[in-house]
Amino acid sequence: MSKDRLEIPDYNSLFSEDRFVQQRENKRQFEAPCSEQETAEALAYSQSAEYLEKNFNRKAVVINPHKACQPLGSIMAALGFEKTLPFVHGSQGCNSYFRSHLSRHFKEPTPAVSSSMTEDAAVFGGMSNLIDGLENSIALYKPEMVALCTTCMAEVIGDDLSSFIGNARQKGVISEDFPVAFCNTPSFVGSHITGYDSMLKGILSYLYDRSGIQAAPGSGEETGEKLNVMLGFEPYTGNFAEIRKILNAFDTKYTFLGDHSGNYDSPATGEYEYYYGGTKLDDVPLAANALATLSLQKYTLKKTQDYIGGTWKQLIAAMSTPLGITGTDKLLDTISELTGLPVPASLTEERGRVVDALMDSHPYIHGKRVALVGDPDLLIGLIGFCLETGMEPVHIVCSNGDVDFNDVKFKEEAEALLASSPYGSEAAVYIGKDLWHMRSLLLNDPVDLAIGSSHLKFAAKDANVPLIRVGFPIFDRHHMHRYPVLGYQGALNLLSLIVNTVLDELDRNHSGFNFDLVR
Amino acid sequence: MGLDIEANKKLVEEVLEAYPKKAKKDREKHFQINTEEAKTCGTCALKSNIKSRPGVMTPRGCSYAGSKGVVWGPIKDMVHISHGPIGCGQYSWGTRRNYANGTLGIDNFTAMQITSDFQETDIVFGGDKKLEVIMREITEMFPLAKGISVQSECPVGLIGDDIEAVSKKMAKELEMPIVPVRCEGFRGVSQSLGHHIANDAIRDFVLGKAELAETGPYDVNIIGDYNIGGDAWASRILLEEMGLRVIAQWSGDGTLNELEIAHKAKLNLIHCHRSMNYMVEHMEKAYGIPWMEYNFFGPSKTYESLRAIAALFDETIQENCEKMIAKHKPEMDAIIHKFRPRLENKKVLLMIGGLRSRHTIGAYEDLGMDIVASGYEFAHKDDYEKTFPMMKEGTIIMDDPTAYELEELAQKMNVDLVGSGVKEKYVYHKMGVPFRQMHSWDYSGPYHGFDGFKIFAKDMDMTVNSPVWNLISKKEKVQAEGASI
């Protein structure tokens, strides 16, 4: 190596140096810190059964919840349509947060604008902001559609999107036929998945209504509108590609209703395009003529499913994210039933290969006790995957599986699924709980593995459990979202993640003699 | 050598052509090309700290982001309630990388998301009762918490909740400081008002409430350092090496006690003037504490600042300062020697919060890099007054530039590096333009002080000179020549 090599420590090694350790000690005299004994006692107490009980008894404070707010989901839904600009009506800070949050997960830009409402808009309403905002954003970012949603501010002051858009047209700021789809997404109702649903329904109903088409289910089969497919609030761009692969293997015609995989996985070409991919706007009204709609997040897409079933009179096949072999079998059977096409041999073969892989790996994952965190549809899929591989789900926390689902009962379904297998006998499902509850569960009733988003890393660390990152958001690992987790390929990816984490742990914790070459 | 003033004027005009008339007229006021004249009256024409145009993709955030996200959030031994619906707390959770020593959830609450998670019923009936319960539960869940702050989100102000009354009542009941902060996102035009509101709350509720056991002649405060990636630690070590005693660190890795005793210092040293100037000005008036702005980005500015700080103390400190500079300089020179040849004359476009677009200039210049355009999200007039004289003639200075403007400028000026935030980052990656996320150091850091400059220099070199940028142009070249791969 060259002689002038300079040592440049990173923050880890730098702040471990003696001089910084000393600095830390010295600073304590001004901090009025708790004594080491107090801290140790508080830590031990926070890990106790007594604390767990108190933790589960709290009524009001929410600590490290696993959900975001509606407009975030709405932006994701809007980016599923071709040349559509998401527009957030309300305070501009929200929009900055949504853009940052989504970009941190996908490592991709999130184009979205806001009407930048401030105090005066709080008093007089945000109409002029909205009208100016439409004029400016359309001139600058040249969308073919604007997809408008609200924040809690606009909701609390009662701004009326429909009449504001009407006024913008009257004033000539936007032409009569320029599409502006909209929905209400107050942040104090539901979560990011509810917002996704609201915007998807908003866009579908808006584009359908203005087209003048009368839905005739099945009539579009000849022209290509056979099956509609919705993936929902989908944090994996890889899942779109996988579903595409499956549908193409069936050789069926289909339309994705909402496909943000283009916008969140576009190539670096030397130029930035604001819009990439997405469902074509003209395809939406035609989708009303499809035979059926396949929904792959049934809890997330509740309102949209009702709309399609009610207004388009279409057959709805709704299931939670099809993870694992059984989940994928169900998906393929459903596609087969809906289309009348047989399950393609290529997929059956793929199934066999993945089952083979599961068999090869099962000794290392069998009986592993697992904690799960996520959105309702993801959790149903993950529970299914655990059960079919011999892993045992133990703690299942869902911050947003709650009253919003009305007649569809996530908790009941999850519990029924768990009851269907001996491997589910130790599990408990907690809805409306947060990751601080999960921390108590992990500390009091330890598990081998935790599966969830990056937000789970704090509880997992406290309990010294390896975290397998699945879901949203994944901020602290790269490219996970590019690999599918659904379908047979997804099952293989999940398996690889899990089994290799287990093997890494074995090697990391070996006690000298069992650092085995062959596993 | 300056940049071409006329060409850059024309360039800005061209970029702004895309706007509708009203917005164009407004946006024109937010651009200025630096000239000799502008250096002396830099803000004659440039408008700042006024509302963003709706619909333009402003980089700005809100008051809540300024208060909870910047000022209060890093106070580690207090629990900060994101009071309102779920989103604001979730999005500001751990994203600024304010490092702090302590055990998370036990005596350090920085990377926690504690919220009242407003539901529809809270909007209808108000959240005051719930807030009381939350505060009691916080003391149950976090027995070592030294205090609580209430960071208001939009609906709290709109529905007229009386968080002041609740805080007052509960402070008495729970026997700890409870600070209501009216930082609803709709207040003001950017994060900046949130900083001010947060500072006022510190002034009104905590400042001066505790005593320092023993004061000394060298007691100073670090003000406006949020310890991103450990910045404040890399700064503090220099002040202490010089013989000063840092009695309070605001607010990165800070504690309630440090806020309470800071009025006993002999000098306030302020790094981020934009976010905490209100505090040092108040402390000067109320306690007679002088203050000075310092800059620990890059060795040149660091030497200058260290000497200026030492000049306010006695010869012992001044000698220590020179000794320290003499000790560190060879290492800094070696860094410059190594990296400058790789970065010389590279063109940089900066658009950062309210200070770093000027504060970091020295560090770039130490590496031979040229700032060709610089702007802020939420700076005020005084920031621009300080910025113009630091810039070369012909530099484009811009206020609250939109995503559109930045993209056009970066491409048309053919810059070698863009320094901005995460919302911008991936756009430039698509374009194949080297980019550093300069709000939280792109998950690196620290960048302050001598320790920080090493990392800064390495990061800039890594970014500008990464071979990955060439992968794009190769493809384009092949296509242009009509070859097939």
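The values are calculated or read from the model by the stated rules, or taken from the named source; none is laboratory data. Every value quoted in this text rests on a predicted model; they were computed, and no experiment measured them. Note: ideal-geometry Cβ built from the backbone for every residue, glycine included; neighbour counts use all protein chains shown. Please note that ligands, DNA and RNA were not included when accessible areas were found on the heavy atoms of the full protein model with its side chains. Shrake-Rupley method; radii C 1.70, N 1.55, O 1.52, S 1.80 Å.
Things worth noting here:
- Check on A:Thr321, touching a Leu at 6+ places or on another chain (Cβ under 7 Å) and closer than 28 Å to A:Pro466 by Cα: yes
- Those residues of the stretch B:59-116 which are without any contact (Cβ under 8 Å) to a residue 12 or more places away in the chain, more than 22 Å from B:Asp225 (Cβ to Cβ) and open to solvent by 10 Å² or more (accessible area, probe 1.4 Å), in sequence order: B:Thr103
- Taking the stretch A:300-369 as the region of interest, the helices (runs of 4 or more DSSP H) fully inside it that hold 2 or more residues being open to solvent by 30 Å² or more (accessible area, probe 1.4 Å), polar (S, T, N, Q) and over 21 Å from A:Met230 (Cβ atoms) are A:345-365.
- If you go through the stretch A:271-294 and keep only what is within 14 Å of chain B (Cβ to nearest Cβ) and charged (D, E, K, R), you end up with A:Glu271, A:Glu273.
- Members of the stretch B:81-111 that are in a loop (DSSP other than H, G, I, E, B), β-branched (Val, Ile, Thr) and within 9 Å of chain A (Cβ to nearest Cβ): B:Thr95, B:Thr103, B:Ile106
- Among the residues of the stretch B:57-80, those identified as facing another protein chain (nearest Cβ under 8 Å) and either of a type in the set (S, T, N, Q) or not in a helix (DSSP H, G or I) (or both) are B:Met57, B:Thr58, B:Pro59, B:Arg60, B:Gly61, B:Cys62, B:Ser63, B:Asp77.
- Qualifying positions in the stretch B:224-251 - in a strand (DSSP E or B) and of a type in the set (Lys, Arg): B:Arg245
- Meets criteria (in contact with a Pro (Cβ under 9 Å, 6 or more places away or on another chain) and not hydrophobic (A, V, I, L, M, F, W, C)) for A:Asn493: yes
- Residue in the stretch A:156-176 that is open to solvent by less than 10 Å² (accessible area, probe 1.4 Å), more than 24 Å from A:Lys83 (Cβ to Cβ), within 12 Å of chain B (Cβ to nearest Cβ) and not small (Gly, Ala, Ser) present: no
- Filtered by the rule that a residue be in contact with a helix residue (DSSP H, G or I) (Cβ under 8 Å, 6 or more places away or on another chain), touching a residue at least 24 places away in the same chain (Cβ under 8 Å) and under 11 Å from A:Val173 (Cβ atoms), the stretch A:133-151 gives A:Leu134, A:Glu135.
- Only listed residue being touching a Phe, Trp or Tyr at 6+ places or on another chain (Cβ under 6 Å) and either within 23 Å of A:His366 (Cα to Cα) or open to solvent by 20 Å² or more (accessible area, probe 1.4 Å) (or both), chosen from A:Val518, A:Val502: A:Val502
- Residue, nearest to the other protein chains (Cβ to nearest Cβ), within the stretch B:133-158, restricted to residues that are within 25 Å of B:Phe186 (Cα to Cα) and open to solvent by 20 Å² or more (accessible area, probe 1.4 Å): B:Leu158
- Tally of residues being more than 20 Å from B:Pro20 (Cα to Cα) and within 9 Å of chain B (Cβ to nearest Cβ) across the stretch A:121-144: 2
- Residue satisfying all of: in the stretch B:378-407; within 23 Å of A:Gly93 (Cα to Cα) and assigned to a loop (DSSP other than H, G, I, E, B); nearest to the other protein chains (Cβ to nearest Cβ) among these: B:Thr402
- Pairing each residue of the stretch B:310-336 that is over 18 Å from A:Ile8 (Cβ atoms) with any residue that is open to solvent by 40 Å² or more (accessible area, probe 1.4 Å) and among the polar types (S, T, N, Q), provided the two are 6+ apart or on different chains, yields C-beta distances under 9 Å for B:Ala310/B:Gln318; B:Ala310/B:Asn320; B:Ala311/B:Gln318.
- Residue in the stretch A:255-270 that is more than 17 Å from A:Pro111 (Cα to Cα), within 14 Å of chain B (Cβ to nearest Cβ) and among the small types (Gly, Ala, Ser) present: yes
Let's see how each residue does on (1) open to solvent by 20 Å² or more (accessible area, probe 1.4 Å); (2) more than 10 Å from every other protein chain (Cβ to nearest Cβ):
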position: A:Phe30; (1), (2): no, no
position: A:Ala42; (1), (2): no, no
position: A:Ser48; (1), (2): yes, yes
position: A:Leu52; (1), (2): yes, yes
position: A:Ile63; (1), (2): no, no
position: A:Phe81; (1), (2): no, yes
position: A:His101; (1), (2): no, no
position: A:Ser116; (1), (2): no, no
position: A:Glu119; (1), (2): yes, no
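- For the residues B:Glu385, B:Glu365, B:Glu344, the requirement of being open to solvent by 50 Å² or more (accessible area, probe 1.4 Å), over 16 Å from the mean Cα position of the chain (by Cα) and more than 20 Å from B:Met462 (Cα to Cα) singles out B:Glu385.
- Residues within the stretch A:83-94 that are open to solvent by 10 Å² or more (accessible area, probe 1.4 Å) and in contact with a Ser or Thr (Cβ under 7 Å, 6 or more places away or on another chain), tallied: 2
- Checking B:Gly421 against (1) open to solvent by 10 Å² or more (accessible area, probe 1.4 Å); (2) within 17 Å of the chain's Cα centre (by Cα), the condition it does not meet: (1)
- Among (1) in contact with a helix residue (DSSP H, G or I) (Cβ under 6 Å, 6 or more places away or on another chain); (2) within 11 Å of chain A (Cβ to nearest Cβ); (3) in a helix (DSSP H, G or I) - the single one B:Tyr447 does not satisfy: (3)
- Listed conditions (1) open to solvent by less than 50 Å² (accessible area, probe 1.4 Å); (2) under 18 Å from B:Tyr404 (Cα atoms); (3) in a helix (DSSP H, G or I) are all met by B:Ala38, apart from (2).
- Criterion: touching a helix residue (DSSP H, G or I) at 6+ places or on another chain (Cβ under 8 Å) and open to solvent by 10 Å² or more (accessible area, probe 1.4 Å) - qualifying residue of A:Pro484, A:Pro473: A:Pro484
- Checklist (1) away from chain A (no Cβ under 11 Å); (2) over 24 Å from B:Cys62 (Cα atoms); (3) crowded, with 24+ Cβ neighbours inside 10 Å applied to B:Ala410, failing item: (1)
- Filtered by the rule that a residue be open to solvent by less than 10 Å² (accessible area, probe 1.4 Å), within 13 Å of another protein chain (Cβ to nearest Cβ) and either hydrophobic (A, V, I, L, M, F, W, C) or outside any helix (DSSP H, G or I) (or both), the stretch B:186-210 gives B:Ser190, B:Val206.
- Verdict on B:Ser48 being among the small types (Gly, Ala, Ser) and not in a helix (DSSP H, G or I): yes
- Any hit, the stretch B:263-281, residues being touching a residue at least 60 places away in the same chain (Cβ under 8 Å), more than 16 Å from the chain's Cα centre (by Cα) and open to solvent by 10 Å² or more (accessible area, probe 1.4 Å): no
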